[in-house]
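Structure first, then comments.
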Amino acid sequence: MITTLHNLALIAVLAPLVGSLIAGLFGKKIGVKGSQLITIAGITVAFFCALSLAKSILIDHIQPLNETIYVWGTSGSYTLSVGFLIDQLTVLMMCIVTFVSLLVHIYSIGYMEGDPGVQRFFCYMSLFTFGMLSLVMANNFLLLFFGWETVGLVSYLLIGFWFKKDSAALGGFKAFIVNRVGDFGFLLGIAVILSYFGTLDYATVFAAAPKFVDSTLSIVSGYEWSTLTVICLLLFVGAMGKSAQLPLHIWLPESMEGPTPISALIHAATMVTAGVYMVARMSPLYNLSPTAMSVVMIIGATGALSLGLLAVVENDIKRVIAFSTMSQLGYMMAANGAGAYEAGIFHLATHACFKALLFLGAGSVIIAMHHEQNLHKMGNLRKYMPITYVTFLIGTLAITAIPPFAGFFSKDTIIEAVHESHVSGAFFAYLCLLIGAFVTAVYSFRALFLAFHTSERMDEETRHHLHETKPVITVPLIILAIASILLGMIIVGPMLFTEPKLMGQTMLVPQQLNVLGEIGKEYHGVFSMVLHGFLGLTFWFTMAGLATAWICYIKKPELPKTIALRFSTFRSILLKRYGFDAFNQLVFVRGTQKLSNFFYYFADAKVIDSWLVNGSGRGIQRIASLVRRVQSGYLYHYAFAMILGIVALLLWIVL
Amino acid sequence: MSYDIPNLVPAFPEMIVFSLGTLVLLVHAFLGQRRPIITYGAVQLIILMSAVFTLSFINEPTMLTFDNMFILDKFAVILKLFIELAVFLCFFYSRVYLADNNMPRGEYYILGLFAMLGMMVLVSSHHFLTLYLGIELMSLPVYAMVAMKRESGIAAEAAMKYFIIGAMASGMLLYGISMIYGATNNLEFSTVATAIANTAPDQKLILIFGLVFIMVGIAFKLGAVPFHMWLPDVYQGAPNAVTLFIASAPKIAALGMVVRLLVEAMPSLQIQWQQDLIAIAILSMALGNFAAIVQANIKRMLAYSSIAHMGYMILGVIAANNQGYAASTFYIVTYSLMTLGSFGLLVLMSRAGYEVENISDFKGLNTRNPWLAFLMLIMMFSMAGVPPLVGFWAKVGVLKALVQVDLVWLAALALLFAIVGAYYYIRVVKVMYFEEPDSEQRYIISNDMQLALTINGLSVLVLGLFPGWLFELCKSAF
């Protein structure tokens, strides 16, 4: 049985890689159809392997697999190996990744039609799937980091997919550089782990972690820090970059310059959740550091509210969804911080479905509108695109956590969990998340109303060509819509509350942090949870948001302008996105340029080039021409040199 | 006085070379210049046969014969094998060149063959006389080979210089040997070693004088500073095919000479010869690398580079332990591979009446024959010691040996000189890849030559990726 698991895991991770390599290397030869076929075949294989693994682990309760595939290298006492850990958490992630990836692959056939770089596009997407699978399947930090960097690289490549467009190339740049900041922290965290634990293997590190509770290290002499807190915070810096948490979130809006399927796959459903997954995976470490838990929760919750607010003033349909992604990632992180890792992962799963749905729906709208993304130039699209409208509506209901849609179960639990939590800062986080629910409803329904209701504001030409998109686009929408309705109610019980838990022993929390256990005492099945949900505070906040959006954009369309005038300062803060970009531009971009100029003109050009490099070069040339003069070509000089040599050698020894 | 027939088995490869070589000489005398291919084939066959016999001794225990004058140990077997390989490759590369330049071909092969015999005797010597016999047998044919292109003035001049300086060095070597003999009354290495060990410290002066004169002979053969003066002139003056010969196999034999004389015959004078070798090594690395920079003639440049490389090779001997000797062996073996490759390339690129010898001849080689340029690039990077090529491991080996005997300063100095050295190797690469060729005409080289050169070049790469077995082999010799 173990060998079957082993083989399935290997096939699952290698099939997308093979597809990607073939499409990438032989794309010209096998053509567009061939590349699409081979990559989709690879993903399909991976998807079914993931399903089969999920059945073995989750339903048949086979012992999880944790083994080394091969040793990549050894250095001193460190062994660097490539190995898989296939447990409940892994298979869940594998299913999400391959499922969304498969649908996005199919959707892209329609979306990317006629683009000259289709093969390249499919190659990257499959490569991404490979990287993401290695990330979630790793049993050690090295492979985790490998996957982490692979997805980062592909994300960069795909944001800049239309590299001839300046904004796309710059967006890719920004994503890459901001992620580098995060990865720097992440790598430092891994290095601290390696130096303290002597290994990078998860199981060994987790087993040894309790011994390090009282261990400290000093970064600045005189200040002792808890080793585990330092490790957790450094790893979290990585997660901040990857999962777009404050203040490293600034790259995600720009990432929307990439093709929309990519926004759905990478920048909504999978890659950006890698940070959430990583924190959940490292739960045995985080559990031991209350400080780190608290930081994770506060940063997550703050982001959930403040980044959601930005969506309210955004007019680009994709960016609205991008800000909503950051806000939802904040919810997941807050759940992790509260110790409700399973709720975080649960929200990750439901979010993957409805966010992919929203993005692909937006993509469908964008295609129909001939790449017009401004909400104010849309309106009443439901008349022309009924399928897109219904599915988008389902996605909106799911994200705003209206019972009984998928988002309700996960988000409501997160808010409850943070409410129950005793980690310091929990009350602040709770308030943020609650108000966040209101904000979520406002911006989600605003986008829905502006795009699909209200008056038609597009020009005559566009209106003339408006029609529902093709089945390759709508079918994935329908599948995702069904998942967004059903996924929550099906797995909420086993995932969060009932024993035995779906996730098994993967994310245990100590008794004092066990908020899900507390909530679980009041859980009496899906139906009662839904009923209870209608009475909850969250639901009424959401309803208030819905009502606000309805009044502002349908009932009294002139109202937003009045509000904008009244709260112009606040609005301009939001429009400037709290000034993060301006700050970075001023401090980091300009500062770096200044510093680089100094180093270039003075340190490099003057000191190194002209004094050290060329100076030593000139010196050596001078020595060399002196040496050359000794070689006169006269035989008697040679003989004389020999005699001198003998004398010198003799004196050298004897004296 | 009875006379027993000595055990001839250990000398079997040498006997084959000698007897069959003489036979070929006779045949060649009758065939004359008409069918040089027969001489060529026969000589190559003899080398192969002696290599096969040498190889069959590889796992034999050490054997002494001819009244302890001749030794066959693993060190001798390994050096002989690589000498045979080098000579074989060298003849292979030279065949077309000799025909194109209308040089006396048969003589080249036969002289080379007897020089090889000298090298084999040299590395197998266990007695000062055998050693001297080997040296002279190796040197005399080479003097003639340098002068082989009779109409060339520069070649004649080089041969003359080589011969006179060589005679001086031989004289000094003999003088040194006579002092050792005078002090110890013996010439057999192991007996001499015991005798030296038993000499009272205040009696050692004569031994030290002897040692210094012997070291002159060694340094001359290696081409180490300050006894290197002949080397650039000879490398430049000799026809490419002869330079190829001088630059490869005799260097391997010279290491044999170093080990036999210093390590086996005079281990008790270690402190003295270490001191001298340090001076010689530093001077060689410094002068070789600095002088190579200003050369426009690639043969001269490689000559200075070989001086520097001999400096590096000696570093392993300076460490004076088994690991160091093994590192030196590894160094010399791989160095001869690189030299064969780079000089082989020069030989193959030379046309009738046109010697490739200036660095500018390599201009834009990449457009004229990209594969040759790539092979040259491998050789140059390997000589500069760039990983993952084998030249890197060779340097790592000797430097590691130095660091382990706490000669860190010397290792650091050697590294500094290596940086200087990288300049002129990379310059060749720059010329090949980044400068415009003088003519667009492609270099076309026959397939078998190209194949041999490719194997030669790639072996430098493959050995660099998997250096383990060769290291083990060299280690097993000590």
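The values are calculated or read from the model by the stated rules, or taken from the named source; none is laboratory data. Remember, it's a predicted structure, so these values are computed and weren't measured experimentally. We place every Cβ from the backbone using ideal geometry, glycine too, and count neighbours over all the protein chains shown. Note: areas computed on protein heavy atoms with side chains; ligands, DNA, RNA excluded. Shrake-Rupley method; radii C 1.70, N 1.55, O 1.52, S 1.80 Å.
Assuming a ≥ b ≥ c are the square roots of the Cα gyration tensor eigenvalues, decide whether chain B counts as rounded (a/c under 1.5), prolate (otherwise, with a/b larger than b/c) or oblate. Cα axes put chain B in the oblate bin. For A:T413, B:T191, the ranking by accessible surface with the largest value first comes to B:T191, A:T413, using a 1.4 Å probe. For A:N140, the residues 5 or more places off, or on other chains, whose built amide H falls under 5 Å of its own are A:G83, A:Y202. The string of couplings for segment B:284-291 from the Karplus curve (6.51, -1.76, 1.60, θ = phi - 60°) is 5, 4, 5, 5, x, 5, 5, 6 Hz, one whole number per residue in order, with x for Gly and Pro.
For segment A:439-454, backbone phi angles converted through the Karplus equation (6.51, -1.76, 1.60; θ = phi - 60°) give residue-by-residue couplings of 4, 4, 5, 4, 6, 5, 6, 4, 4, 4, 5, 5, 7, 9, 9, 6 Hz, Gly and Pro being listed as x.
Just counting partner chain Cβ atoms within 10 Å, what average do the residues of peptide B:227-233 show around their Cβ? Working shown, then result.
Numbers: counts 6, 5, 13, 3, 1, 3, 4.
Taking the mean over all residues of the peptide, I get 5.
Accessible area per residue was computed with a 1.4 Å probe on protein heavy atoms; A:Y523 scores about 40 Å².
If packing is taken as the average number of other Cβ atoms within 10 Å across a peptide's residues, how do B:118-128, A:315-325 rank, most packed first? Could the numbers behind the result be given before it?
Working: B:118-128: 26.4, A:315-325: 24.1.
Highest-to-lowest ranking by the protection proxy: B:118-128, A:315-325.
In this calculation the C-beta distance from B:A29 to B:N321 is compared with R0 = 41 Å, giving a FRET efficiency of 0.25.
Just add up the charged neighbours of A:L516: K/R +1, D/E -1, any other residue whose Cβ is under 15 Å from the Cβ of A:L516. Intermediate results must be reported in sequence, preceding the final value.
On the way: positive: A:K411, A:K501, A:K521; negative: A:E342, A:D412, A:E416, A:E420, A:E499, A:E518, A:E522.
So the surrounding residues net to -4.
Scanning chain B for GluC sites (Glu not before Pro) lying in DSSP loops with no more than 11 further Cβ atoms inside 10 Å, the longest uninterrupted stretch between such sites is B:152-439.
Over 24 Å between C-alpha atoms is what I'm after, so list which of B:K161/B:K251; A:K383/A:K555; A:K165/A:K355; A:K242/A:K377; A:K411/A:K521 land there.
Values: B:K161/B:K251 19 Å; A:K383/A:K555 19 Å; A:K165/A:K355 26 Å; A:K242/A:K377 33 Å; A:K411/A:K521 18 Å.
Check vs 24 Å cut-off fails for A:K165/A:K355; A:K242/A:K377.
Each residue of segment B:429-441 was assigned a 3J(HN,Hα) from its phi angle through the Karplus curve 6.51 cos²θ - 1.76 cosθ + 1.60 (θ = phi - 60°); the sequence is 4, 4, 4, 5, 9, 10, 10, 6, x, 6, 9, 7, 4 Hz, with glycine and proline shown as x.
Compare the peptides A:22-28, A:302-308 by average per-residue count of other Cβ atoms within 10 angstrom and give them in order, highest first. Write down the numbers at each step before the final one.
Values: A:22-28: 17.6, A:302-308: 25.4.
Sorting A:22-28, A:302-308 by mean packing, highest first, produces A:302-308, A:22-28.
Here the simple spin-label model places points 7 Å from the Cα toward Cβ, and for A:L655 and B:V403 these points are separated by 3.5 nm. Rounded if a/c is under 1.5, else prolate if a/b beats b/c, else oblate: with a ≥ b ≥ c from the C-alpha gyration tensor eigenvalues square-rooted, which is segment B:1-126? It comes out prolate by the Cα gyration axes. Site pair A:K383 and A:F48 shows an inter-label distance of 4.6 nm when each label is modelled 7 Å from Cα along Cα→Cβ.
Output the peptides B:138-150, A:643-655 sorted from most to least packed, where packing is the average of other Cβ atoms within 10 Å over each peptide's residues.
Values: B:138-150: 20.6, A:643-655: 15.0.
Per-residue Cβ counts within 10 Å, averaged per peptide and sorted highest first, yield B:138-150, A:643-655.
Neighbouring Cβ atoms from other chains, within 10 Å of the Cβ of residues in A:618-627, number 5 on average. Label separation (A:R628 vs A:L644): 1.9 nm, computed from points 7 Å beyond Cα along the C-beta direction. In chain A, the portion of solvent-accessible area held by carbon and sulfur atoms comes to 69 percent [1.4 Å probe, whole percent, DNA, RNA and ligands not counted]. Under a 5 Å amide H cut-off, with hydrogens placed 1.01 Å from N, B:F70 pairs with B:T65, B:H126 among residues at least 5 apart or on other chains. Once the Cβ-Cβ distance of A:L537 and A:D609 is raised to the sixth power relative to R0 = 45 Å, the FRET efficiency obtained is 0.10. Counting Cβ atoms of other protein chains within 10 Å of each Cβ in A:635-644 and taking the mean gives 5. Residues whose amide H comes within less than 5 Å of that of A:N66, counting only those at least five positions distant or on another chain, are A:I86 (H built at 1.01 Å from N in the peptide plane).
FRET efficiency for the A:R180 to B:L140 pair, using the beta carbon distance and R₀ = 60 Å, is estimated at 0.35.
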